[in-house]
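Data block below; observations after.
The values are calculated or read from the model by the stated rules, or taken from the named source; none is laboratory data. Keep in mind the model is a prediction, meaning the values are calculated, not measured. Cβ coordinates were reconstructed from backbone atoms using ideal geometry, including for glycine residues, and neighbour counts include every protein chain displayed. Ligands, DNA and RNA are excluded from the accessible area calculation, which covers all protein heavy atoms including side chains. Shrake-Rupley method; radii C 1.70, N 1.55, O 1.52, S 1.80 Å.
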Amino acid sequence: QVQLVESGGGLVQAGGSLKLSCAASGRTFRNYAMGWFRQAPGKEREFVASINWSGGSTDYADSVKGRFTISRDNAKNTATLQMNILKPEDTAVYYCAADPSLIPSIEPMEYDYWGQGTQVTVSS
């Protein structure tokens, strides 16, 4: 089992920044690729970003590329999502998730463990 807890969400004006954190406990954190997903009301959960076990490989949705940065610290069992130049369309509940694969997936079903989510609201 891996327990994931997100933090750092909140209300921000368009153009602002937020940093989301995901604290992991349980099984060895470095054994898992990590992903961030988001879900807006009435929409399906969508991929935002992923990072492999070492942090040497990252992937981003086109909608956030150049604005968001995913990182991890295996010594601290944390993953982070730095979000800059936020837009109202970024408003959603953001989830971190753990994927046991070497190459992280963009599909939510490939992730075994999920956090409870943190709300991000961007006002125009």
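The set of residues in region 36-52 being surrounded by 21 or more Cβ atoms within 10 Å (Cβ to Cβ) and either over 10 Å from the mean Cα position of the chain (by Cα) or not in a strand (DSSP E or B) (or both) is empty.
One residue is enough: does region 65-77 have a residue meeting the conditions more than 15 Å from residue 7 (Cα to Cα), in a loop (DSSP other than H, G, I, E, B), in contact with a Gly (Cβ under 9 Å, 6 or more places away or on another chain) and open to solvent by 10 Å² or more (accessible area, probe 1.4 Å)? Yes; the residues of region 65-77 include at least one that is more than 15 Å from residue 7 (Cα to Cα), in a loop (DSSP other than H, G, I, E, B), in contact with a Gly (Cβ under 9 Å, 6 or more places away or on another chain) and open to solvent by 10 Å² or more (accessible area, probe 1.4 Å). Can you find a residue that is open to solvent by less than 10 Å² (accessible area, probe 1.4 Å), in contact (Cβ under 8 Å) with a residue 40 or more places away in the chain, among the aromatic types (Phe, Trp, Tyr) and under 15 Å from residue 5 (Cβ atoms) anywhere in region 101-123? Taking every residue of region 101-123 in turn, none turns out to be open to solvent by less than 10 Å² (accessible area, probe 1.4 Å), in contact (Cβ under 8 Å) with a residue 40 or more places away in the chain, among the aromatic types (Phe, Trp, Tyr) and under 15 Å from residue 5 (Cβ atoms). State yes or no: is residue 89 in a helix (DSSP H, G or I), open to solvent by 40 Å² or more (accessible area, probe 1.4 Å) and charged (D, E, K, R)? Yes, satisfied. Contact map, region 53-72: residues that are over 18 Å from residue 111 (Cα atoms) and among the β-branched types (Val, Ile, Thr) paired with residues that are open to solvent by 50 Å² or more (accessible area, probe 1.4 Å) and in a loop (DSSP other than H, G, I, E, B), Cβ distance under 9 Å, separation 6+ or inter-chain. Pairs shown: 69/84. Looking for whichever is in contact with a strand residue (DSSP E or B) (Cβ under 9 Å, 6 or more places away or on another chain), modelled with pLDDT of 95 or more and among the small types (Gly, Ala, Ser) here; the options are 25, 21, 54. Which one fits? Matching residue, one of 25, 21, 54: 21. Of (1) open to solvent by 50 Å² or more (accessible area, probe 1.4 Å); (2) touching a Phe, Trp or Tyr at 6+ places or on another chain (Cβ under 7 Å); (3) on the phi > 0 side of the Ramachandran plot, residue 82 satisfies all except one. Which? In the conditions (1) open to solvent by 50 Å² or more (accessible area, probe 1.4 Å); (2) touching a Phe, Trp or Tyr at 6+ places or on another chain (Cβ under 7 Å); (3) on the phi > 0 side of the Ramachandran plot, residue 82 misses (3) alone. Inspection of region 26-33 finds a residue satisfying the criterion of being over 11 Å from the mean Cα position of the chain (by Cα), hydroxyl-bearing (Ser, Thr, Tyr) and closer than 22 Å to residue 102 by Cα.
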